[in-house]
Amino acid sequence: NCKIQELDLHYNRISHDSIMKFAIKIPQMKSLRRLYLSDNPFLAAISSLDGREQSALLQPLLKSVKDSKSLERLGIGCKIDVLNAPDLCHTMNVNRGGRRGIEVESANRCISPALWPRILHRASSINYFADIKEWYGEVDKPTDKTP
């Protein structure tokens, strides 16, 4: 059984309409952890708009990212305020910490109290900002370390 965990759609000439159709499917992609969308026309067009206009145009994508229980990283390659909102980052951080494992879907399914120390230890040991440059699509430039 093969599941897609990372989907790189850089430089694919994805239009706004196409990404919105794709966005609706994101919550159904249970194994998708990382999605990279940088350098596509829809981002270039949206980056010049103000926050309210960005939010309106990206609403389906924002909703899908927030509804996804597995998406941990959304690589956009540019600084679009709406896509870098604290609540969106928080949602992906919670996913990264294990949101699917701790959400209680019914009264019959609950987490044993004996597991909480492990869950909290895992959540506190994850470095959520280790790849912040990748988040923004920035690449480390080689540095000359000679004295």
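Heavy-atom accessible area, probed at 1.4 angstrom with all protein chains present, ranks ILE119, ILE80 as ILE119, ILE80, highest first. Please work out whether the stretch 1-48 counts as rounded, prolate or oblate from its C-alpha gyration tensor, where a ≥ b ≥ c are the square roots of the eigenvalues and a/c under 1.5 means rounded, while otherwise a/b larger than b/c means prolate and anything else oblate? Prolate.
The values are calculated or read from the model by the stated rules, or taken from the named source; none is laboratory data. Here the structure is a predicted model, which is why all the values come from computation and not from measurement. Surface areas here come from the heavy atoms of the whole protein model, side chains and all, with no ligands, DNA or RNA. Shrake-Rupley method; radii C 1.70, N 1.55, O 1.52, S 1.80 Å.
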